[in-house]
1. Condition first: part of a loop (DSSP other than H, G, I, E, B) and surrounded by 16 or more Cβ atoms within 10 Å (Cβ to Cβ). Now tell me which residues in the range 94-131 satisfy that.
2. Going through the range 139-172 one residue at a time, which ones are assigned to a strand (DSSP E or B) and either within 13 Å of R237 (Cα to Cα) or not basic (K, R) (or both)?
3. Going by the conditions given, is E82 within 30 Å of P126 (Cα to Cα) and at pLDDT below 75?
4. Counting only residues that are of a type outside the set (A, V, I, L, M) and modelled with pLDDT under 75, which one in the range 50-59 is surrounded by the fewest Cβ atoms within 10 Å (Cβ to Cβ)?
Amino acid sequence: MNRQDQSLPKKSGNFEDLQKFQAKLVSRLSSELNTPLSIIREGLDLLSEEIQDQLKEKDKKLLNVLHENVNRLTNGLNHFFELCRIEAGQMDFKRKSLDVNEFLKEVEKEFEKVVKARKLRWQVRPLPKNALIYGNAQYLLEVFKHLVDNAVKFTEKGAVEVTVKDDPKHVEFIISDTGMGISEEHRLKVFDKFEQHWPDPNRPPEGLGLGLTIAKAIVNHHQGRIWIDEKYQKGTRVIFTIPKLASKSTP
């Protein structure tokens, strides 16, 4: 290219201009890529409804494959753009007082279907004595989404369980499964971008490997921590902490 792209920020060292450019780029790409995918998905849905009775078994299987791959691509793009927005400081992490046991009721309801669809036991254990945390329910549910999705993905039989531990300054949320587990080698980098731990050589990797990265970014914005419990031997156990209301810092 002989001419510099006029849409790029000038080399003025202006970090604010670079952030604005990044925000605009992410927004534009998100719209340009997600819009046609939505049209394709809606077209497939309409096609399935209109001619379902006329399709042969092999055609139904082909439609299912198309659905699955469009959803897979959409999820991958959404994860990528979500992480871009978090890192660019575009996400609104407004926090407030949250009742832990009430929040757990939402968690139980939100993910019951996806866990039981895999014929796994789903159990959410509330605190015996309730507590208040300082957080954003929408984004904390997003953390659970990524952790539960991973648990379901790598668990063939058994259970996915959520328990809670009340400490003086924070609450620990513990997501345990009876799946394949994570090797020590991968445990150290499982929260890195694009890192995929895939212990089954007979199955191709799914997704971009950003789910746990996003979960960690959200927990960090809540001034919490997230880690893999290395002592747990029955599968995988992920623990993250969220400050209690009394110990919150100024947002």
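The values are calculated or read from the model by the stated rules, or taken from the named source; none is laboratory data. Quantities reported herein were computed from a predicted structural model and do not represent experimental measurements. No Cβ is skipped: glycine too gets one built from the backbone with ideal geometry, and neighbour counts run over all protein chains shown.
1. Looking only at the range 94-131, we keep the residues that are part of a loop (DSSP other than H, G, I, E, B), and these are 94-95, 117-120, 125-131.
Of everything in the range 94-131, those that are part of a loop (DSSP other than H, G, I, E, B) and surrounded by 16 or more Cβ atoms within 10 Å (Cβ to Cβ) turn out to be R95, L120, P126, A131.
2. From the range 139-172, those assigned to a strand (DSSP E or B) are 159-166, 170-172; that's our starting set.
If the condition is that a residue be assigned to a strand (DSSP E or B) and either within 13 Å of R237 (Cα to Cα) or not basic (K, R) (or both), then A159, V160, E161, V162, T163, V164, D166, H170, V171, E172 are the ones that fit.
3. Values: within 30 Å of P126 (Cα to Cα): yes; at pLDDT below 75: yes.
So E82 fits the description; yes.
4. Start the filter on the range 50-59 by keeping residues that are of a type outside the set (A, V, I, L, M), which leaves 50, 52-54, 56-59.
From what's left, modelled with pLDDT under 75: 50, 52-54, 59.
Values: E50: 9, Q52: 11, D53: 5, Q54: 7, D59: 12.
Applying the filter and picking the extreme gives D53.
Listed here are the residues, each with its yes/no results for (1) at pLDDT 95 or above; (2) over 14 Å from the mean Cα position of the chain (by Cα).
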site	(1), (2)
R118	no, yes
K153	no, no
A159	yes, yes
K165	yes, yes
F173	yes, yes
G179	no, yes
K193	no, no
P201	no, yes
